[in-house]
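Right, one structure below, let's go through it.
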Amino acid sequence: MVISLTRAVILYAIAIFLIRLMGKRQIGELQPSELVITMLISEIASLPMQDNSIPMLSSIVSLFVLVSLEILISALSLRFHKLRTLMQGHPVIIIRNGQIDVKALRKLRISLNDLLSALRQKDVFEISQVSYAIFETNGKISVLLMPDYRNATASDLNLKPEDNGMPFAVICDGNYNKNAAKEADINLEETKRIAKRKNLTFKDILLMNVNNKKKYEIIRKDKNS
């Protein structure tokens, strides 16, 4: 039992490390080759967990070979366009100026219902409003609406709103985030002074957002939490 548990923990840690090594994109936007590698990693890692007679070393070597191969292919794909197209395919326009490209849908084996469902998830309910819809290589659909149906921007209205930058979670659930504080250009002492002015300690704060202009927002923890 102890041996099985130990093997499971080791293989789990190695699998997590290798997925992280492949890059964060693998979590949410898998390309075909990345999906295959991810499936193989899970399959190879699971076998020694189920059968103690399978040598762990051979499984670990196989895992590293697969990930090394994926990293090599990714590096080569950045350099050679044809290889990237071969491994990942290329984006395909499926709607142009409100007209569905039926041939493209058939080539991609996408039904009309699938297309309509994907558009609804983009808050698009009328195809006539779509200037372009593109089927991306990761299986998602990008949509560009006709100019009349796009949200108005500040530029369209000749407005120049103040840019306060991005807010960073300097304190999250009572914990100080050093990396976020660096991005917000605020140090630990400044953060403590802000909390002290509100008669709070870090442990009293659920969330403190600070932007690049040193403007902050504090959400206190519920006393019952």
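The values are calculated or read from the model by the stated rules, or taken from the named source; none is laboratory data. Being a predicted model, the structure only gives us computed values, none of them experimental. Note that we place each Cβ from the backbone using ideal geometry, even for glycine, and neighbour counts take in every protein chain shown. The protein model used for the area step is the full one, side chains on, heavy atoms only, and it has no ligands, DNA or RNA in it. Shrake-Rupley method; radii C 1.70, N 1.55, O 1.52, S 1.80 Å.
Treating the beta-carbon of each Lys and Arg as +1 and of each Asp and Glu as -1, no other charges, what is the dipole magnitude of the chain about its Cα centre, to the nearest 20 debye?
480 debye
Just name one of Pro48, Ala75, Val170: the one whose Cα is farthest towards the positive end of the charge dipole of the chain (beta-carbon charges, Lys/Arg +1, Asp/Glu -1).
Of the listed residues, the answer is Val170.
Considering amide H positions built from the backbone, and no H for Pro or chain starts, which residues 5 or more places from Leu206, or on another chain, come under 5 Å of its amide H?
Amide H neighbours of Leu206: Ile219, Arg220, Lys221.
Give me the 1.4 Å probe accessible area per residue for the chain, excluding ligands and nucleic acids, in Å².
71 Å²
Cross-link partners among aspartates and glutamates for Lys198, C-alpha distance below 17 Å, same-chain residues fewer than 8 apart left out?
Within the straight-line limit of under 17 Å, Lys198 reaches these aspartates and glutamates: Asp173, Glu189, Glu190, Glu217, Asp222.
Label-point separation (nm) for Ile16 and Leu83, each offset 7 Å from Cα along Cα-to-Cβ?
3.2 nm
So which aspartates and glutamates pass the test for Lys140, namely a Cα distance under 14 Å, with those fewer than 8 places away in the same chain ruled out?
Glu29, Asp114
Would you kindly state how much longer the chain becomes between Val36 and Ala104 on full extension, computed as 0.36 nm times their sequence separation minus their alpha carbon distance, in nm to one decimal?
Value of the extension gain: 22.0 nm.
Considering only C-alpha atoms, what is the centroid distance from region 133-152 to region 182-221, in Å?
So the two Cα centres are separated by 38 Å.
Between beta-carbons, use under 15 Å as the cut-off and find the net charge around Asn211, counting Lys and Arg +1, Asp and Glu -1.
-2
Compute the whole-percent fraction of alpha carbon pairs in region 140-225 spaced more than 15 Å apart.
For region 140-225, the fraction of Cα-Cα distances above 15 Å is 65 percent.
What distance in nm lies between label points placed 7 Å from Cα along the C-beta direction at Glu43 and Asn97?
4.7 nm
List the relative contact order of the chain as a percent without decimals, with contacts defined as Cα pairs under 8 Å and 6+ residues apart.
It comes to 12 percent, rounded to a whole number.
Along Cα→Cβ, 7 Å out, is where each label goes; now give me the distance between the ones at Lys178 and Leu72 in nm to one decimal.
That separation, rounded to one decimal, is 3.7 nm.
Round to a whole number: what % of the accessible area of the chain belongs to carbon and sulfur, probe 1.4 Å?
58 percent
Trypsin sites (Lys or Arg not before Pro) within region 118-223: which are DSSP loop residues with at most 10 other Cβ atoms inside 10 Å?
Passing both the DSSP loop test and the Cβ count: Lys223.
Tell me which lysines have Cα within less than 17 Å of Lys196's Cα, excluding those fewer than 8 residues away on the same chain?
In chain and number order, the partners are Lys214, Lys215, Lys221.
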